[in-house]
Amino acid sequence: MNTLIAITGLGVLCLLFEILNFRKAIVPITIIGLLAVLGITFSEFNAPGSHYNNMIVVSKFSSAFSALFIVLTIFLVALAHDFYEDHKTKISDFIAIKIFMLAGAVAMVSFGNLAMFFLGIEVLSISLYILAASNRLNVKSNEAGMKYFLMGSFASGIILFGICLIYGAMGSFDVIEISENSLSAELPIWFPIGMILMTIGMLFKVAAVPFHFWAPDVYEGSPTLTTTTMSTLVKVVAIATLYKLIAELNLIPSLENQDLLGTFKTIVVIITIASMTVGNIMALKQNNVKRMLAFSGISHAGFMLMTLLSISNSAGNLLYYATAYSLAGIAAFTVILYVCKNRDNEDIANFNGLSKNNPLMAAVLTAALLSMAGIPIFAGFFAKLVLFNQTIQAGYLVVVIAAVINSIISVGYYFKLILAMYNKEPNEEAAKTQFVFYAVAIVAVLLNIILGLFPSAVLDLLG
Amino acid sequence: MNVTTLLIILLVGAFATYFSGDKWAPKVALLFGLTAFAGTICLLSQYNLGQEINYTKLWISKPNISFALQADGLSLAMLLLTTALTPIIIYSSFGNTYKNSKAFYALILFMTFAMAGTFLASDGLLYYIFWELSLIPIYFIALIWGNGDAEERKKAVVKFFIYTLAGSLFMLVAFIYLYQKAGSFLINDLTQLKLSSTEQFWIFLAFFLAYAIKIPLIPFHTWQAEVYQKAPTVGTMLLSGIMLKMGLYSVIRWQLPIAPLAAKEYMDVFIILGIAGVIYGSIVALRQKDLKKLLAYSSLAHVGLIAAGSYTLTLDGFRGAVLQMIAHGFVVTGLFLVAEIIFRRYETRKISEMGGIRAQSPKFTSMFMILVLASVALPSTFNFVGEFTVLYSLSQVNIWFSLLGGTTIILGAYYMLKMFQHVMLGETNVRLFADVTFNEGLCLVIIIAVLFFFGMYPKPIIDLITPSLENILTQVNRFNQVK
């Protein structure tokens with residue numbers, strides 16, 4: 001609870017800095033503030049409770065994921081200073097929006113009431129629409145913002161419709177009441193329909209196939225830092241929320257009562273395999289790194305959706321996968337930010353010969369991509385391992401084999417980038433690197449490797 | 001000391017090499033390579049004295065993964081091969097200069113670290129991690145420091161990487177499946193599982209894919225010749241001398257004891273695949289114009305025979321396979337070094353552009369000749385001991401296998417001697433061929449000495465490996481006793 005209040009307070013503070021003309025100090029102060037919030041989150045981890053008539057429920061699940069979101073936001077804020085060099089006057093707005101987005105994200109994983117859930121998703125989405133279109137003189141950025149807004153609001157509408165149907169069926173927005181009622185034998189058909197609509201809306205946000213069409217265009221058009229936000233923070237938020245919705249509202253048992261469980265699982269299997277396969281195959285053809293990572297994000301969403309197949313005990317695995325994926329994403333995008341800083345596009349050709357210009361950054365990007373490809377000893381490997389293990393245990397060998405084949409395909413495009421860095425000659429002189437880029441990239445990769453060496457630290461968090 | 005110390009030496013060595021700078025990197029790498037070798041000798045003596053050198057510690061509680069390293073005779077023999085060859089390989093490269101040599105030598109040591117880990121790990125997942133880790137350094141070594149056109153090299157290396165990764169991911173699925181049954185990845189638990197023959201068949205197949213690509217066996221060999229040719233010679237030596245043996249070792253250590261029923265049922269198929277490799281490799285080698293490619297195909301033929309030997313599921317087959325693994329590791333390293341020595345002087349790998357070296361450099365010629373003869377398994381060399389044992393074990397299964405496998409010696413003699421004739425003999429070459437330098441000579445002499453010593457007196461190695469191979473054989477035969 002305190003986490004959410006503290007974050008919102010920090011956001012307001014950021015807006016005030018503008019008035020106080022404190023722009024130069026805004027990044028360090030925000031980071032310190034976020035670190036303090038992180039401390040509060042840790043203290044809440046072992047003190048679950050519900051607040052404001054169950055509006056907000058703090059649980060281990062919500063605190064763990066909130067902590068992950070906060071860490072990611074710290075990285076994103078740290079990168080903001082250099083990224084918005086050209087818009088010095090607006091930096092406090094951008095940072096405040098990011099903090100509000102974080103507040104939305106935290107609300108989304110700690111809701112105890114569907115109204116709160118919807119509030120969270122709107123706060124998060126609206127912040128993102130603004131960020132996507134924040135490069136307002138650039139046509140592509142405008143296009144991205146518009147596309148994202150149209151698709152996103154459509155998805156929000158579907159979610160809202162689903163919430164209404166659930167209210168109609170249950171007479172309540174309260175998660176505990178709904179989950180108790182959902183176990184009763186006689187359930188109005190509105191409940192599963194509402195749940196499916198909500199799931200569809202969330203799959204939009206996750207960018208899972210077949211609701212993925214917006215992702216590549218929006219990723220490509222948005223300013224790179226916003227793309228970073230979308231592909232790391234927002235994707236993880238959306239998956240965690242979807243997981244929580246399905247787990248907390250007792251969807252699985254209620255479907256079982258009505259003999260619909262088989263259908264639901266088949267659909268999840270299809271969406272999982274389709275997301276992995278479509279994402280990977282499309283990524284193979286991309287020349288733009290941002291688009292490539294967008295498609296790779298779609299395939300990772302497919303991997304993370306595998307946790308829905310064994311929902312009763314896969315929260316820890318989801319947390320671990322999300323952490324591994326988003327840390328690798330942060331590291332990769334930091335290098336992209338550095339390489340493409342003064343270029344007008346993000347083609348793979350820009351990465352030619354990076355190993356000669358800047359070996360350290362090349363090594364960081366290589367490590368991040370290897371982690372995403374699931375090569376040991378990076379965290380990405382263990383993320384896949386525990387996921388496969390869990391899924392085989394749940395009896396879905398087919399999904400695992402599809403996932404394995406996809407892992408092989410994914411090596412194809414991740415290595416395209418690595419090859420460009422190591423096997424081509426550089427076409428121009430190296431740009432000077434700012435210290436923050438190094439700091440963020442290296443810290444993210446080191447965290448990733450440490451998680452790979454000690455996976456139990458995260459895996460066992462959620463019991 | 002226990003086995004972790006050895007791994008730590010190699011890992012620290014990799015980092016120390018990287019941070020010692022380009023000028024000192026080769027020497028630091030050599031130093032750590034020699035230290036690791038000394039460490040292995042030390043472990044060996046401790047093992048012979050019966051002291052505890054294994055190390056086990058729980059690493060991840062859920063899923064249950066241990067950091068378990070276990071050294072028995074077989075592991076130690078492989079470890080000896082790895083740590084003895086690494087300093088030789090590093091020392092042999094002193095004649096070349098590499099750009100960014102600190103990264104180059106650090107990667108070599110890192111690869112040795114991963115390979116040593118593969119030979120030691122007794123937890124399936126830890127083994128898998130080391131297995132995969134060893135792939136990354138060789139990928140970069142071949143990609144960055146390789147020779148030939150960059151585009152072609154890229155294609156060859158990426159194909160190699162994707163092939164091997166694809167194979168090993170199926171092995172990972174097999175391991176996870178086994179974990180569901182056993183609740184642990186430890187080899188001692190996995191080899192006690194009572195799996196049905198269908199389960200064994202699929203698990204055997206998943207493992208087979210990984211190993212057949214790595215060894216390589218026909219028809220999974222297509223990556224090999226290209227990569228051998230494109231990689232820098234040091235990389236080729238690491239690949240053919242040590243890395244291939246990872247696959248062969250794993251067949252004996254993991255695949256056969258875990259899924260023996262499938263191995264028995266389809267024994268003929270796998271032996272025939274191995275022997276097909278022998279014949280195919282030899283015939284293709286005959287037609288090669290590139291020295292390194294010729295050696296690559298000869299390597300294909302030899303490992304085919306080793307694989308056939310291990311799939312006979314007899315003690316002699318295992319023993320011959322392990323002996324031949326070590327012998328082949330040394331001889332192939334020596335032969336690739338010879339190719340590199342010629343390349344340093346003539347800047348070519350085409351056999352047709354060589355010739356007439358004998359008169360200019362008699363010392364080099366005699367050393368080359370000995371290596372060629374060892375490679376075709378002349379009696380009194382180590383290779384003879386290995387190859388003969390393997391052929392004997394094949395004859396116990398079916399005399400035809402032994403006859404067909406025996407063609408390796410005839411065909412091998414043909415293409416190796418023909419190659420020797422074209423490369424060394426003939427009219428004296430107009431281009432000057434400087435005699436071998438001290439470090440080249442020393443490397444070759446060490447290799448030759450090892451081959452001769454164990455050729456005449458293989459007992460120490462046989463005594464070392466036999467008890468652990470007998471253990472493995474009882475695990476393989478555990479289903480017979482039930483019936």
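The values are calculated or read from the model by the stated rules, or taken from the named source; none is laboratory data. Bear in mind the structure is a predicted one, so any value in this text is a computation, not a measurement. Note: ideal-geometry Cβ built from the backbone for every residue, glycine included; neighbour counts use all protein chains shown.
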* To do: Assess whether A:Val404 counts as being in a helix (DSSP H, G or I), within 19 Å of B:Ala142 (Cα to Cα), within 9 Å of another protein chain (Cβ to nearest Cβ) and among the aliphatic types (A, V, I, L, M).
  => no
* To do: Identify all residues within segment B:21-52 that are closer than 21 Å to B:Ala114 by Cα and among the polar types (S, T, N, Q); write none if there are none.
  => B:Thr35, B:Thr40
* Matching residues in segment B:230-264 - criterion: being in a helix (DSSP H, G or I) and over 27 Å from B:Ser122 (Cβ atoms) -> B:Lys230, B:Thr233, B:Val234, B:Gly235, B:Thr236, B:Met237
* Asked: Given (1) without any contact (Cβ under 8 Å) to a residue 12 or more places away in the chain; (2) more than 10 Å from chain B (Cβ to nearest Cβ), where does A:Asn423 come up short, assuming only one miss?
  -> (2)
* To do: Considering every residue within segment B:102-114, establish whether at least one is within 11 Å of chain A (Cβ to nearest Cβ), without any contact (Cβ under 8 Å) to a residue 12 or more places away in the chain and surrounded by fewer than 24 Cβ atoms within 10 Å (Cβ to Cβ).
  => no
* Would you pick out the residues in segment A:136-167 that are surrounded by 22 or more Cβ atoms within 10 Å (Cβ to Cβ), farther than 28 Å from A:Val58 by Cα and not hydroxyl-bearing (Ser, Thr, Tyr)? -> A:Ala144, A:Gly145
* Asked: Among (1) of a type in the set (A, V, I, L, M); (2) part of a helix (DSSP H, G or I); (3) surrounded by fewer than 18 Cβ atoms within 10 Å (Cβ to Cβ), which single condition is B:Val423 missing?
  -> (3)
* In segment B:338-376, which residue that is assigned to a helix (DSSP H, G or I) and in contact with an Asp or Glu (Cβ under 8 Å, 6 or more places away or on another chain) is nearest to B:Ile89 (Cα to Cα)? -> B:Ile341
* Structure fact -> Listed by first then second residue, the pairs whose first member lies in segment A:46-67 and is surrounded by 15 or more Cβ atoms within 10 Å (Cβ to Cβ), whose partner is small (Gly, Ala, Ser) and part of a helix (DSSP H, G or I), with beta carbons under 7 Å and at least 6 positions apart or on separate chains, are A:Phe61/A:Ala315; A:Phe65/A:Ala240
* Asked: Would you call B:Leu371 closer than 17 Å to B:Val450 by Cβ and buried (at least 19 other Cβ atoms within 10 Å of the Cβ)?
  -> yes
* To do: For B:Ser184, indicate whether it is of a type outside the set (A, V, I, L, M) and closer than 21 Å to B:Lys57 by Cα.
  => yes
* Has segment B:290-298 got any residue that is among the charged types (D, E, K, R) and not in a helix (DSSP H, G or I)? -> yes
* To do: Kindly indicate whether any position in segment B:180-197 is at the interface with another protein chain (Cβ under 10 Å from one of its Cβ atoms) and within 18 Å of A:Val404 (Cα to Cα).
  => yes
* To do: Would you tally the residues in segment A:336-394 being touching a residue at least 60 places away in the same chain (Cβ under 8 Å), within 11 Å of chain B (Cβ to nearest Cβ) and within 23 Å of the chain's Cα centre (by Cα)?
  => 11
* Structure fact -> The one condition B:Ile215 fails out of (1) at pLDDT 90 or above; (2) surrounded by 20 or more Cβ atoms within 10 Å (Cβ to Cβ); (3) more than 14 Å from every other protein chain (Cβ to nearest Cβ) is (1)
* Is it fair to say B:Gly146 is buried (at least 20 other Cβ atoms within 10 Å of the Cβ), within 19 Å of B:Ser250 (Cα to Cα) and small (Gly, Ala, Ser)? -> no
* What about B:Tyr139, is it in a helix (DSSP H, G or I), within 11 Å of another protein chain (Cβ to nearest Cβ) and either of a type in the set (D, E, K, R) or closer than 17 Å to B:Gln70 by Cβ (or both)? -> no
* Asked: Quick one: would you say A:Gly412 is within 29 Å of B:Phe160 (Cα to Cα), within 11 Å of chain B (Cβ to nearest Cβ) and surrounded by 17 or more Cβ atoms within 10 Å (Cβ to Cβ)?
  -> no
* Asked: Where in segment A:191-270 are the helices (runs of 4 or more DSSP H), entirely inside, with at least 1 residues that are within 21 Å of A:Leu128 (Cβ to Cβ)?
  -> A:214-221, A:224-229, A:235-248
